Amino acid sequence: MELGSRQVNAITVVAPKGRIDHAQAPLFQEAMKPHVAACTINGGPLLIDFSGVDYISSMGLRALMLIARSVTAQKGTVAIAALKPTVREVLEISRFHLVFKVYDTVDDGLIALGA
Amino acid sequence: MNPAAIGLDIYMPEADQTSPARMAARLPESRQALRRALAALPDHDRVLADALRETPTVLGAAGFDNETLTTSRGLRTTPIRINGGSDSEALANVRRYPFVLASLPELQAAARGQGLLSVDLQGAVVRRIPLVMGVGDALLPSLAIEMLRVATNSPAAEVDMGPLGISRVRVADLAVSTQPDAEIWLHFGKADSARYVSAAALLAGKVPADAFRSKLVLIGLSGFGLVDNRLTPLGEQVPGVEIQAQLLESLFDGNILLRPRWMAWLETLLLIAGGAFLIWAVPPLRPRLATFLAIILYVALFSAGFATFKFMGLLLDAAGAFASLNIVLGSLLGSAFIESDRQRRVAEAALHREREAAAEVAGELAAARRIQLGTLPDPATAFTDEKRFSVAALLEPARDVGGDLYDFFMLDNRRLFFVVGDVSGKGVPASLFMAVTKALAKSVALRGEAGAAILTAANKEIARENPEMLFVTMVTGVLDAGTGALELAIAGHDAPRILRASGGLELADGDGGPPLCMLECFDYPRLDVQLHPGDTVCLVTDGVTEAMNRDLSPYGAGRFDAVVASAAARASAGSLLASVREDVRAFVAGAVPSDDLTLLAITWHGPRVRD
């Protein structure tokens, strides 16, 4: 899976595209690995821009969960932003806001993370 | 007439029975006068001998392998001179006969020379003709060579020995290269009847006096019924004398075919080159193309053979090379066939093994499916005597096995526990975790925890044994069958639908928590709902709301709610479930299921006392 990634001050913004379904979830997880590894207590926060994601399955949620666990273990900071309505619904049902900080837009996220 | 030489292709081993003296001896005694008169006449054989003495005549003789009444062991000849070797060396190379059929000694003495007429046949055909042969321990010329010697008045014919045997036969200034056994390949022509002079015409004086002047003359027999008929390589039946004539002609013209020693090496080389070419070219080709290629090669081979024969007077054995190359081609095509047959068998065996393996996996998956579905309680038989509530449930894995689960059982006489869960992912990994989750949830529930606490405790238990980091969304509920009080707890799961008997549809989407295993120590909040008689609570997994059609558009929560609401009038768990199932099936319309699908519906009928 291709991840557009950019740097805003200390914050790394990654933007997955398309559907994070059963087949794509492992690829998403793999592509996120270097960014997750860099997201430590000393590294900058990680913001996942979901504006390009049309669908997320339970395996996609699992990938997000694993990202959250890794980052939490490293005492880093990760957040997601700009969810499409369908994806937002899935995340709300799954109560992912209890795991992730979720922002309405990327800019909101950047401001909140201290860019 | 003065011919150069006369050759007799006739054998005269016996005295003429028509000589006058012999005729007289057969007459009766009474014919004394006639007998005396006849006896006075000269003997025919003597007359012939006298005639032979007058002319340069060469008598024919024939080599015999077996002794007969008329054969002898030798005959009078002019010795042959041998250059570069001994008699025995020359004799070792030529065709030898122990016996010879020769003419009467009287005639032999009168003739100027004698030559052998013997020719061995190749098959039924005359191809090679020897110029020198052996009888006993004597080297003898053929009739043609002897005629040339007589015609040129030479003292002797000569034989040159080479490294391989006889290399040349020479008479006067004529030298003929031969095969090592003194044979030559005759370049046959068509028989020409114009060269024949009939004996009848000659005796009748119809032949001009100088017709034979300085010519080589052969006297022989021709005509039907002749024993001495020969087949030439051109397929012509000719009298033996014709072959002698053509031999003489060829000797003069130098028109002799040669098959030098190196020709055999050339043929071997051609065979190796052709064979190597076939071995190199044939295997990658299709049999049809390979055969076509071989035909081109054969045409080239025979063309070369014909060209060397026609223009160089050399004999190249194309047929031998053709036969050998055909064997090479045949074995190549044969081994190609064997190889392709072997590969086909290997492929078939591999396919067979694959099918067996697939069947084995399919068989195991089918067994796993039976076991998995068998662990789910059957609502039709679970509460046969229950009047206070009814339960309907459905679980359809997207694959053979799945990660969805439902369960329900009585905690005590009043309280019904039920659960619907969805393990992330699908297939075998999800199904294993589903089994663990279901068992742990049941053991926690039966431990005596109450309501939402069951979910909190189950979360801790399940999260502890989760190496693959799977997670489970889940809804648990405890229904008090006596009061209709329902205590729900939600872990990242779609909200339960409450279908009121009065017709309203409510979403129990209050507080909840994340899926199990997400946060290990999460205190799941309880969500209380009061049911009234006839109310139905409906739980689904996202296999329903996210069921995809072929265009990958989801079924959606909105359509699900609409179907549930419209089914209100029937107000029974079973019929509600059936109508949702039908609507989802109609929407998906045969697309491959994207996720496991689970429905659980419970209708509370009211606080009736159990029978």
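Data table
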| quantity | calculated |
| --- | --- |
| Test for residue B:557: is it within 14 Å of chain A (Cβ to nearest Cβ), surrounded by 23 or more Cβ atoms within 10 Å (Cβ to Cβ) and in contact (Cβ under 8 Å) with a residue 40 or more places away in the chain | no |
| Residue count, segment B:495-525 (criterion: more than 23 Å from residue B:598 (Cα to Cα) and of a type in the set (D, E, K, R)) | 2 |
| Residue ranges of strands (runs of 3 or more DSSP E) in segment B:443-510 with at least 3 members away from chain A (no Cβ under 14 Å) | B:472-480, B:485-491 |
| Whichever residue in segment B:351-378 is closer than 25 Å to residue B:537 by Cβ and free of Cβ contacts under 8 Å to residues at least 40 places away in the same chain and, among such residues, is surrounded by the most Cβ atoms within 10 Å (Cβ to Cβ) | B:376 |
| Options B:561, B:509: the member that is under 28 Å from residue B:457 (Cα atoms) and either assigned by TED's automatic domain parsing to the domain that holds residue B:401 or in contact with a Phe, Trp or Tyr (Cβ under 6 Å, 6 or more places away or on another chain) (or both) | B:509 |
| Tally, over segment B:468-503, of residues that are free of Cβ contacts under 8 Å to residues at least 60 places away in the same chain and among the small types (Gly, Ala, Ser) | 6 |
| Failed criterion for residue A:83 (all others in (1) in a loop (DSSP other than H, G, I, E, B); (2) surrounded by fewer than 18 Cβ atoms within 10 Å (Cβ to Cβ) hold) | (2) |
| Single residue of segment B:454-477 satisfying the filter (of a type in the set (A, V, I, L, M) and surrounded by 19 or more Cβ atoms within 10 Å (Cβ to Cβ)) that is nearest to the chain's Cα centre (by Cα) | B:470 |
| Which listed residue is in contact with a Leu (Cβ under 8 Å, 6 or more places away or on another chain), of a type outside the set (Gly, Ala, Ser) and free of Cβ contacts under 8 Å to residues at least 40 places away in the same chain, from B:583, B:528, B:511 | B:511 |
| Verdict on residue B:593 being within 14 Å of chain A (Cβ to nearest Cβ), surrounded by 24 or more Cβ atoms within 10 Å (Cβ to Cβ) and touching a helix residue (DSSP H, G or I) at 6+ places or on another chain (Cβ under 9 Å) | no |
| When residues of segment B:155-170 are limited to those that are out of contact with any helix residue (DSSP H, G or I) (no Cβ under 8 Å at 6 or more places or on another chain) and in a loop (DSSP other than H, G, I, E, B), the one nearest to residue B:81 (Cα to Cα) | B:155 |
| Complete set of residues in segment B:1-39 that are farther than 30 Å from residue B:239 by Cβ and part of a loop (DSSP other than H, G, I, E, B) | B:27, B:28, B:29, B:30, B:31 |
| Complete set of residues in segment A:38-55 that are at pLDDT 90 or above and of a type in the set (A, V, I, L, M, F, W, C) | A:46, A:47, A:48, A:50, A:53 |
| Qualifying residue in segment A:13-21 (condition: farther than 17 Å from residue A:83 by Cβ, without any contact (Cβ under 8 Å) to a residue 40 or more places away in the chain and more than 11 Å from the chain's Cα centre (by Cα)) | no |
| Of all residues making up segment A:54-87, the number that are away from chain B (no Cβ under 13 Å) and touching a Leu at 6+ places or on another chain (Cβ under 9 Å) | 8 |
| Elements of type strands (runs of 3 or more DSSP E) contained in segment B:174-267, each with 1 or more residues being closer than 25 Å to residue B:11 by Cα | B:183-186, B:216-219, B:229-231, B:237-239 |
| Residue match in segment A:59-71 (condition: buried (at least 23 other Cβ atoms within 10 Å of the Cβ), among the β-branched types (Val, Ile, Thr) and part of a strand (DSSP E or B)) | no |
| So residue B:509, is it charged (D, E, K, R) and farther than 22 Å from residue B:580 by Cβ | no |
| Residues that are buried (at least 17 other Cβ atoms within 10 Å of the Cβ) and more than 9 Å from chain B (Cβ to nearest Cβ), drawn from segment A:89-106 | A:91, A:100, A:102, A:103, A:106 |
| Residue that is aliphatic (A, V, I, L, M), surrounded by 21 or more Cβ atoms within 10 Å (Cβ to Cβ) and either over 19 Å from residue A:65 (Cβ atoms) or within 14 Å of chain A (Cβ to nearest Cβ) (or both), where the choices are B:434, B:410 | B:434 |
| Condition check for residue B:197: within 18 Å of residue B:57 (Cα to Cα) and surrounded by 10 or more Cβ atoms within 10 Å (Cβ to Cβ) | yes |
| Residue within segment B:592-605 that is assigned to a loop (DSSP other than H, G, I, E, B), modelled with pLDDT of 85 or more and not acidic (Asp, Glu) present | yes |
| Selection within segment B:511-537 - assigned to a loop (DSSP other than H, G, I, E, B), within 13 Å of chain A (Cβ to nearest Cβ) and in contact with a helix residue (DSSP H, G or I) (Cβ under 8 Å, 6 or more places away or on another chain) | B:514, B:515, B:517, B:518, B:519, B:520, B:521, B:522, B:523, B:524, B:525 |
| So residue A:33, is it at positive phi and either among the basic types (Lys, Arg) or more than 14 Å from every other protein chain (Cβ to nearest Cβ) (or both) | no |
| Filter result for the condition that a residue is surrounded by 15 or more Cβ atoms within 10 Å (Cβ to Cβ), of a type outside the set (A, V, I, L, M, F, W, C) and over 54 Å from the mean Cα position of the chain (by Cα), over B:128, B:168, B:149 | B:149 |
| Matching residues in segment B:98-140 - criterion: being in a strand (DSSP E or B) and under 17 Å from residue B:11 (Cβ atoms) | B:99, B:100, B:101, B:113, B:114, B:115, B:116, B:133, B:135, B:140 |
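The values are calculated or read from the model by the stated rules, or taken from the named source; none is laboratory data. Given the structure is predicted, the values throughout are model-derived calculations rather than measurements. Note that each Cβ is placed from the backbone with ideal geometry, even for glycine, and that neighbours are counted across all protein chains shown.
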